[in-house]
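The values are calculated or read from the model by the stated rules, or taken from the named source; none is laboratory data. Just so we're clear, the structure is a prediction, and the values are computed from it rather than from any experiment. Neighbour counts are summed over all protein chains in view; Cβ atoms, including those assigned to glycine, are modelled from backbone coordinates with ideal geometry. Just so you know, the surface numbers come from the protein's heavy atoms only, side chains and all, with ligands and any DNA or RNA stripped out. Shrake-Rupley method; radii C 1.70, N 1.55, O 1.52, S 1.80 Å.
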Amino acid sequence: MRSSFSSSVLASLPNARLRRPAVWIAFLAVAALSLTGCDLFGSNDDEGRRVTTDVVIANSGNFSAQDGSLTLYNPTDSTAALKDIEVAFINSLAQHNGRLFVVDNTASDNAGKITSFDTDQLEQIDQISNPRPPRYVAFPGDDKGYITNQRFDENFNAQPSTVSVVDLVDNSVTKQVDVGRSPQGMGVAGGKVFVANAADGTLSVLDADADTVNTTLSLPDCASPKSVFVDDENEVAVVCQGGGEQASEVLFLSPIEETIKDRVELGAPIGSANGSQSAYYSEGAEELYTISGSEAFGNGTGEIFRIDTNANALDATLEIPQDDGLIGITAVGYDDVTQDLYATRLPVGAGGFPLFTANGTALVLDRQGNEVTRFETGNAPGHITFLGDRQ
């Protein structure tokens with residue numbers, strides 16, 4: 001790393017007539033940083049500058065057609081390309097150890113699979129068969145994955161279900177752990193995995209080593225907990241989607257004490273217009289983004305809420321730019337490198353309802369929610385993540 005001090009300046013230090021101790025301390029601190037090759041405001045230059053190589057949008061596809069795909073957007077030259085990866089109906093994406101994991105339902109056998117791709121060329125690496133329709137995947141260890149599964153009765157009512165334990169070395173499901181109804185997102189903290197049971201309003205707390213349920217936490221006044229994240233302060237953030245007369249909010253829990261520390265009210269029902277990604281956590285920015293995206297179903301407002309997870313407070317409410325040809329919000333993601341906010345939307349179909357069988361649109365917004373640009377996605381965009389590198 002370059003030093004901002006010349007040898008002549010360093011040589012003059014013994015003769016400098018600095019009488020105040022505070023001045024000496026500040027001066028010597030800067031000199032020490034210079035000599036050690038570090039700057040005051042950045043990380044080691046040897047690691048390189050972070051760049052976003054691709055914004056990855058999972059296009060869920062048409063469920064009956066099982067035609068999920070990816071849209072890859074290059075923020076440097078503002079180009080988008082569709083990539084067919086031969087998967088079924090995509091529910092979510094996750095990254096782990098240089099791999100992108102695609103979680104999808106397979107309609108023919110009412111089950112699912114998780115396919116992994118390398119993050120450089122997006123070439124398929126492995127595929128894991130899952131006995132039930134999967135929703136999300138989390139990673140309690142380098143070689144272990146957890147998958148939340150869905151289970152319904154003949155009337156499509158949610159039933160108690162399971163979390164699949166996956167061996168990432170031989171790519172197989174080794175165990176299924178019983179949890180609550182409609183398990184969704186998961187967060188890993190303190191050797192535990194916190195699983196949101198959306199239909200029960202609870203969290204199943206799993207021992208990540210023993211693969212067993214330690215306890216089930218009741219979440220008072222938390223309607224439909226779905227998304228779970230672990231923030232920079234190692235707090236477990238749970239997004240309660242709300243509905244009916246119950247407000248939406250974000251709960252912040254201590255993973256050690258397993259108690260609620262803070263609650264942040266959001267003011268509108270949270271949810272995706274196609275039931276997919278309704279929240280995104282940016283580690284770099286320490287911000288949580290949630291969407292009130294289901295305008296046609298659930299009285300969504302078309303707003304995006306930004307929560308400061310350092311202060312545990314609502315930081316901003318952003319209104320999506322209106323467009324007569326688009327409806328709802330289906331996914332959200334924030335690129336803390338470029339400071340761009342991404343939100344995907346569906347085209348308007350017959351009767352003013354969302355159309356799930358046509359290409360969607362991704363909006364690129366600034367910090368104030370103003371549209372910077374837009375691009376076309378594949379059919380029914382439903383999840384956003386970011387691939388990066390250092391240069």
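Measure nothing fancy, just the Cα-based angle from helix 21-35's long axis to the longest principal axis of the chain, in degrees from 0 to 90, nearest 10.
The angle comes out near 70 degrees.
Under the rule of at least 5 residues apart or a separate chain, name every residue whose amide H is placed under 5 Å from the amide H of N91.
Correct list: V103, D104, N105.
Using a ≥ b ≥ c from the Cα gyration tensor of the stretch 63-143 (square roots of the eigenvalues), is it rounded, prolate or oblate, where a/c under 1.5 gives rounded and otherwise the larger of a/b and b/c decides, a/b for prolate? Please report the intermediate quantities before stating the final value.
On the way: a/c = 2.28, a/b = 1.27, b/c = 1.79.
Oblate, since a/c reaches 1.5 and b/c is not below a/b.
Relative contact order for the chain: what is it in percent, counting Cα pairs under 8 Å that are at least 6 residues apart? All intermediate terms of the calculation are to be shown ahead of the outcome.
Numbers: 1058 pairs, mean separation 48.1, N = 391.
Result for the chain is 12 percent.
As a test of reading the structure, rank E286, E154, E245 by solvent-accessible area (1.4 Å probe, protein chains only), most first.
Output order, biggest surface exposure first: E245, E154, E286.
For a protection proxy built on the mean count of beta-carbon atoms within 10 angstrom, sort 227-238, 67-78 highest first, please. Provide the component values of the computation, followed by the final result.
Numbers: 227-238: 20.5, 67-78: 18.0.
With the highest mean Cβ count within 10 Å placed first, the list reads 227-238, 67-78.
How would you classify the stretch 126-251 from its alpha-carbon gyration tensor, with a ≥ b ≥ c the square roots of the eigenvalues: rounded for a/c under 1.5, else prolate if a/b is greater than b/c, otherwise oblate?
Details: a/c = 2.06, a/b = 1.28, b/c = 1.60.
Oblate shape, in that a/c is at least 1.5 and b/c is the bigger or equal ratio.
What order do E283, E123 take when sorted by accessible area (1.4 Å probe), most exposed first? Could the numbers behind the result be given before it?
Numbers: E283 145, E123 105 Å².
Highest to lowest solvent-accessible surface, that is E283, E123.
Please give the Cα centre distance for the stretch 241-280 versus the stretch 332-370, rounded to the nearest Å.
Cα centroid to Cα centroid, the span is 21 Å.
State the number of lysine pairs found in the chain whose Cα atoms come within less than 16 Å, restricting to pairs 8 or more positions apart or on distinct chains.
Values: K113/K144; K113/K175; K144/K175; K144/K192.
So the count of such lysine pairs works out to 4.
When you count, for each residue, the other Cβ atoms within 10 Å and take the mean per peptide, how do 311-317, 204-210 rank with the highest first?
Values: 311-317: 14.9, 204-210: 17.6.
Most protected by this proxy first, the peptides run 204-210, 311-317.
If you take the beta carbon distance between E286 and D77 as r and set R0 to 35 Å, what does 1/(1 + (r/R0)^6) give as a FRET efficiency, to the nearest 0.05?
Working: r = 29 Å, r/R0 = 0.83.
According to the calculation, E is roughly 0.75.
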